[in-house]
Amino acid sequence: MSQNSEYPSQDFTHLHPFDLTSNTTDLQMIDVIKISSTKPRVFPHALALAAASPLYQKRLVQHSRAFDATLAIVQFGNNERRFVTLKLLVRHGVATRMVGFEANLPTLLFGHNGRTIKSQLELLTALTILRFLLAQFVHPDDVRLILPSRDVDNDAHIVTVECPLQLQDPGAEMLLAAHLSDFRNFVKTPRVYPGESILFRSSGMDVCIYDKAAETKEGSAVPEGIHCTRVEVRFKTARRLLEALGFGQPGTWVTAAASFDSLNYAFVNAIRGSLVGALAEPSGAKPKQLKRATRSILALARDAVSMQAALAELQGKKSHDEFGKIRREVLHALSRRYPISLPARTQKWPADGLSEISIPNLEAAHERLKVELGWPTEPAEDVAQTFAGLLVHKKAKPWKKAFFPDNEP
């Protein structure tokens, strides 16, 4: 444990119920991560350096005349895919400072996120690459402050993180059954796009279940053409992430760093603690007498394209209310015929039940880019030490109050 009067930190690895030595190479758990990092001193010409970068995509500048300040949001990536979004705060007479950044870790590693981070080694390598990209804008002595660390003067911490799991889903049955699911204590109405996705929303966490292959751009492929359904838990606040890690009411503590296993634990905990309905608790009731139209559509369940086409054709022949009833009946019947329990699947992840989307041409081009730009191929030692377990910080003073001590912008 390391601490000082302003940013005490504590390593809770030895107190936590997950096994950090377990073999989790078959899991898929990390996607987008957002980190608050306000300590690194940024070069005055950082925006010019950003514009000259071969990975520069675009910049959004927000001005505040009242505070004589500029918030610059700079995006880096390749092939229309985003790698990193960096936020810089520029104020007249004051050194430019970093506010934080958001990164798509799988895209940094593979060139797209149809493949996901699935081991501690890949997580550490992606984080090392991320710091390497941002180091060009930061004073050399402060590179160590870009990512969270165990240094007593480092207040960087995880703000949000997305933890996905991609599953083989023949006939898109799991995706369709997800439309009947619900989450405890999610007060917002879920957004349902039939046959495509469902988004459950709350103030601190979202859960989205969707057709990943359809969302991925052209040229992609899944093993043997099996449908790929993605279950994605989005922790939108540092507080909600700590709660999923088993800390109850975390108060003024925030997650500074987390290992692959600990983020996997947070995902599993969130699913087990919240998911109810067709995916978690399929109905045990006997099916009601199905209408002829419903039976004919269910006969096509193993062919999602045909089933969706049959539903679409039926929609044009029935009234809105009647079609809605038949569609709900189809979904309920699917959930009974093909019960899928996510909490049960988290007990033991079958390797043959996971799915990845490959884009060979893009991945090959990305590997060439990594070599050309000299990206690290192995984790940095200090990054490996920091993200070896679960590290929490006492929440620091908000960057706005630190930068604007008298008033907030």
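Structure notes:
- Checked against the criterion of being aromatic (Phe, Trp, Tyr) and out of contact with any strand residue (DSSP E or B) (no Cβ under 8 Å at 6 or more places or on another chain), the candidates PHE200, PHE137, PHE132, PHE183 yield just one match: PHE132.
- The residues of the stretch 68-101 that are of a type in the set (Lys, Arg) and more than 20 Å from the chain's Cα centre (by Cα), listed by number, are ARG91, ARG97.
- Helices (runs of 4 or more DSSP H) contained in the stretch 250-360 and holding at least 3 residues modelled with pLDDT of 80 or more: 260-274, 292-298, 304-315, 320-337
- Which numbered condition LEU127 misses (of (1) over 30 Å from ALA213 (Cβ atoms); (2) aliphatic (A, V, I, L, M); (3) in contact with a helix residue (DSSP H, G or I) (Cβ under 6 Å, 6 or more places away or on another chain)): (1)
- Within the stretch 145-159, residues that are in contact (Cβ under 8 Å) with a residue 40 or more places away in the chain have Cβ atoms under 6 Å from residues that are surrounded by fewer than 21 Cβ atoms within 10 Å (Cβ to Cβ) and hydroxyl-bearing (Ser, Thr, Tyr) in these pairs: ARG150/SER2; VAL152/SER2, counting only partners at least 6 apart in sequence or on another chain.
- Of the helices (runs of 4 or more DSSP H) entirely within the stretch 46-145, those holding at least 2 residues that are surrounded by fewer than 20 Cβ atoms within 10 Å (Cβ to Cβ), in the same structural domain as LEU373 (by TED's automatic domain parsing) and not aromatic (Phe, Trp, Tyr) occupy 46-52, 120-135.
- Residue within the stretch 139-150 that is β-branched (Val, Ile, Thr) and farther than 14 Å from ASP382 by Cβ present: no
Residue-by-condition table, conditions (1) closer than 29 Å to GLN120 by Cβ; (2) within 19 Å of the chain's Cα centre (by Cα); (3) not assigned by TED's automatic domain parsing to the domain that holds GLY277; (4) not in a strand (DSSP E or B):
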site: VAL161; (1), (2), (3), (4): yes, yes, no, no
site: PRO164; (1), (2), (3), (4): yes, yes, no, no
site: GLY171; (1), (2), (3), (4): no, no, no, yes
site: ALA177; (1), (2), (3), (4): no, no, no, yes
site: VAL187; (1), (2), (3), (4): no, no, no, yes
site: VAL192; (1), (2), (3), (4): no, no, no, no
site: GLY195; (1), (2), (3), (4): no, no, no, yes
site: LEU199; (1), (2), (3), (4): no, yes, no, no
site: SER203; (1), (2), (3), (4): no, yes, no, yes
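The values are calculated or read from the model by the stated rules, or taken from the named source; none is laboratory data. Keep in mind that this is a model prediction, so the values were computed, not measured. Neighbour counts are summed over all protein chains in view; Cβ atoms, including those assigned to glycine, are modelled from backbone coordinates with ideal geometry.
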